[in-house]
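Just so it is clear, none of the values below were taken in a lab; they were calculated from the coordinates. Remember, predicted model here, so these are calculated numbers, not experimental data. All Cβ positions, even for glycine, are placed from backbone atoms using ideal geometry, and neighbour counts span all protein chains on display.
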Amino acid sequence: MKIVAITARILLGLMFFVFGLNGFLHFIPAPPIPGLAGTFLGAMIQSHFIFFVAGVQVIAGALLLINRFVPLALALLAPVLANILVFHLTMQPRGLPPGIFATILWSILAWRLRDYFTPLFVQEAAEK
């Protein structure tokens, strides 16, 4: 199971590091995206929100690749993955398989590191 987790960490880190860098450097050509999906991405680009998302992806991907602060990287990637899945489910279904693959990799790591996340699921926090 350790080899599976290491492989998942490296693959997930590479995916987000490379695609996050692409948000800044545009080295992967992208065809025009029609319809609502294109409008949504256009708004993200025009508002420069894409730089925030790409920055989170680069930072989290780098943390996964260097094997430091992995639970933090997973916490940063959770909302990014949720948005990727919802975007493809609602606006561009043909791009869904890579999002599902990334979610599976994320789930493998999150399950392996679940002890770090259990304190988040406390019903009533004790005040100090």
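The table below gives the values:
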item	result
Cα centre as origin, Lys/Arg/Asp/Glu Cβ charges: the chain dipole, Debye	320 debye
Whole-Hz couplings from phi, Karplus 6.51/-1.76/1.60, listed for the range 41-46; x for Gly and Pro	5, x, 5, 5, 6, 5
Modelled FRET efficiency - R0 22 Å, His26 with Leu89, Cβ distances, 0.05 increments	0.30
Extension gain (nm, one decimal) between Thr7 and Asp115, 0.36 nm per residue minus Cα-Cα	36.9 nm
Selected from Leu96, Leu105, Leu63 as most flexible by GNM, with the chain as the system and alpha-carbon contacts under 10 Å	Leu96
Read-out semi-axes √(5λ) of the Cα gyration tensor in Å, derived from the coordinates shown; its label in [x] 41, 13, 12; [y] 28, 18, 15; [z] 22, 16, 13	[y]
Residues Leu77, Leu21, Leu120, sorted so that the one with the fewest Cβ neighbours within 10 Å comes first	Leu120, Leu21, Leu77
